[in-house]
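Participant: This is the structure I want to talk about, given as structure tokens.
Values in this text are rule-based calculations from the coordinates and carry no lab data. Values in this document were obtained by computation on a predicted structure and should not be read as measured data. Positions of Cβ are generated from backbone atoms using ideal geometry, with glycine treated the same way; all protein chains shown enter the neighbour counts.
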Amino acid sequence: MVTSVLPRVESLASSGIQSIPKEYIRPQEELTSIGNVFEEEKKEEGPQVPTIDLTEIESEDEEVRERCRQELKKAAMEWGVMHLVNHGISEELMDRVRKVGQKFFELPVEEKEKYANDQSSGNVQGYGSKLANNASGQLEWEDYFFHLIFPEDKRDLSIWPKIPSEYTEVTSEYARQLRGLASKILSALSICLGLEEGRLEKEVGGVEELLLQLKINYYPKCPQPELALGVEAHTDISALTFILHNMVPGLQLFYQGKWVTAKCVPNSIIMHIGDTIEILSNGKFKSILHRGLVNKEKVRISWAVFCEPPKDKIILKPLPETVSETEPPLFPPRTFAQHIEHKLFRKTQDNLSN
Ligand code: OGA
Ligand code: NI
């Protein structure tokens, strides 16, 4: 195994280098599609990530509820990603989540290293940076903090940031509220598929087994942003992903053959349909390819919460109700762990053939 000690991206960025190490430079074919994110965000022409207003998702009036569900359904089928507004999580709580995470990342790197994860021994929770997982040694321009935030009995509070002192309280409250939002969305999506309301929730593990994992992505300023990516192109493996950010653009979606830059929508939460729901819905809901750009001027931070089914307990496959003679199953049965394996394998194959 190749183990090389690489500095945190934050340390690289603050060292004053004018050109980035080669491991961070994307392959030639990819470079042509990487532009200036501030210019990209301004563009008004072409398709835009939909915005879904959830005000009426639980209206007393079934007709009103249905109208709201139809909007959500359309966005989930066409894009698989959307800005949620009026989602019920207060601006104040979102601001506090952003503040405690930002304060943690403002600590000196040495202080954060006390929380370093150790991927080789299977400790994925904590402070980390991507390790090269293939022959090309390709790296991403970000550091992160990753930990499980829900259900409460599965948390390991001993590895959560102790500074700032409000971190645990604020992050726990956000986790509880997001869990509630996830249930509402899963109910609505179930009805959209003609299933009973509680079905998708049950199929992804229910209250006991659906895991919420928080990844705070910290993207330092990059001296050559046109050569790097903060996160490389991928689809999320989760059932649903909810993302907050610090209003610095970076997220791009691969829609109809082009990279579309997500605008920064105040008080919204970005929601992705992940591979898990794509599989269960037999591809009716999409898990969209996306990536993150970096820039020279502003640090970007995002808070991604991945809602994931248990690794081995559930076999994921298209629900019988989503399959018919004309709509054969598009995905073979797999546990979540096997799905992760399959994606890693495919990626390795891709690299070997490059
Ligand atoms: C991710 C991701 C995008 C972002 O963490 O899976 O896609 O906006 N992040 O940081
Ligand atoms: Ni993602």
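Participant: Taking the beta-carbon count within 10 Å as an exposure proxy, list 24, 219 from fewest neighbours to most.
Facilitator: The fewest-first ordering by Cβ neighbours comes to 24, 219.
Participant: Give the span of the chain's Cα atoms along each principal axis, as three whole-Å numbers ordered largest to smallest.
Facilitator: Principal-axis extents of the chain (Cα, largest first): 58, 49, 44 Å.
Participant: Sticking with this one: Quick one: of the DSSP bridges fully inside the chain, what percent are antiparallel, nearest 5?
Facilitator: 90
Participant: Neighbouring Cβ atoms within 10 Å as the yardstick, rank 247, 77, 82 fewest first.
Facilitator: Exposure proxy ranking, most exposed first: 247, 77, 82.
Participant: Using only the alpha-carbon atoms, what does region 34-128 span along each of its principal axes? Please give whole angstrom values in decreasing order.
Facilitator: Computed over the Cα atoms, the extents are 55, 38, 30 Å.
Participant: So what's the back-of-envelope 222 nm ellipticity for the chain, counting only DSSP H runs of four-plus at -39500 (n - 2.57) apiece and dividing by all residues, rounded to 500?
Facilitator: Here the helix-only value at 222 nm equals -9000 deg cm²/dmol.
Participant: Can you sort 105, 331, 345 by how many other beta carbons sit within 10 Å, fewest first?
Facilitator: Lowest count first: 345, 331, 105.
Participant: Can you run phi through the Karplus equation (6.51, -1.76, 1.60; θ = phi - 60°) for region 66-79 and list ³J(HN,Hα) in whole Hz, with x for Gly and Pro?
Facilitator: Values per residue, Gly and Pro as x: 4, 4, 5, 4, 5, 4, 4, 4, 4, 5, 5, 7, 7, 10 Hz.
Participant: Dividing the convex hull volume of the Cα atoms of region 243-325 by its residue count, what figure in Å³ per residue is obtained?
Facilitator: 130
Participant: Further, regarding this structure: Starting from region 97-165, pick out the trypsin sites (Lys or Arg not before Pro) whose DSSP state is loop and whose Cβ has at most 15 other Cβ atoms within 10 Å.
Facilitator: Answer in residue order: 114, 162.
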